[in-house]
Amino acid sequence: MRRGATLKFVGVLRRSRSLPRSVSELDIFKEYCQGLYKLEDFSHIMVFYWLHLRDNQAHRSTVRVIPRRHHGAPEVGVFASRSLSRPNPIGFSIVELLKIENCKIFVRGLDAANSSPVIDIKPYIPRANSFPDARAPEWTLSGPRT
């Protein structure tokens with residue numbers, strides 16, 4: 001089994017003071033700009049990004065956490081949480097796609113730090129991405145939407 005991989009960033013998150021706080025701009029690198037073709041046909045997209053502020057040995061070696069944004073949550077394994085501390089600091093958000101201009105994607109609802117490298121973008125497809133009968137522990141019912 002291969003133990004390593006090569007990851008290519010496709011863009012970077014920019015927060016601008018000229019935009020409302022809930023709106024983020026994803027600057028997609030020119031070599032990937034043509035990959036945005038027809039993405040505007042979707043109302044929502046999934047953005048995968050690198051948690052660059054957690055990319056250190058302490059956060060990457062964390063294997064148990066108490067989910068901090070869920071009051072009363074028990075200690076769980078990192079893979080049973082959405083903790084920012086994880087072996088591979090990858091985050092993702094499902095966001096509203098507002099518009100695309102050249103190689104810039106404007107979205108609402110991205111929960112990521114400024115300058116976060118963008119790993120990938122995928123369209124949100126309700127039929128494939130929504131599971132209304134999915135099961136989760138009771139402690140996940142409190143706290144913010146993640």
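A few remarks follow.
- Directionally averaged projected area (convex hull, Cα atoms, the chain), nm²: 10.9
- Taking the fewest neighbouring Cβ atoms within 10 Å as the starting point, the ordered list for Tyr32, Tyr49, Tyr37 is Tyr37, Tyr32, Tyr49.
- Virtual spin-label span in nm between Leu84 and Val63, 7 Å along Cα→Cβ: 2.4
- Part-to-part distance (alpha-carbon centres) for region 1-71 and region 115-140, which is given in Å: 14
- FRET efficiency, Phe29 to Asp111 (Cβ-Cβ, R0 25 Å, nearest 0.05): 0.65
- Within straight-line reach of Lys30, meaning a Cα separation under 16 Å, sit the following aspartates and glutamates at least 8 residues removed in sequence or on another chain: Glu101, Asp120.
- Student exercise, the chain dipole from Lys, Arg, Asp, Glu Cβ charges, in Debye to nearest 20: 340
- Cα gyration tensor, region 81-146 - rounded (a/c under 1.5), prolate or oblate: oblate
- CD proxy at 222 nm, helix term only [per DSSP H run n ≥ 4: -39500 (n - 2.57); per residue of the chain; nearest 500]: -1000 deg cm²/dmol
Quick note: the coordinates plus some simple rules give every number you see, no bench work behind them. These figures come from a predicted structure and were not determined experimentally. Note: ideal-geometry Cβ built from the backbone for every residue, glycine included; neighbour counts use all protein chains shown.
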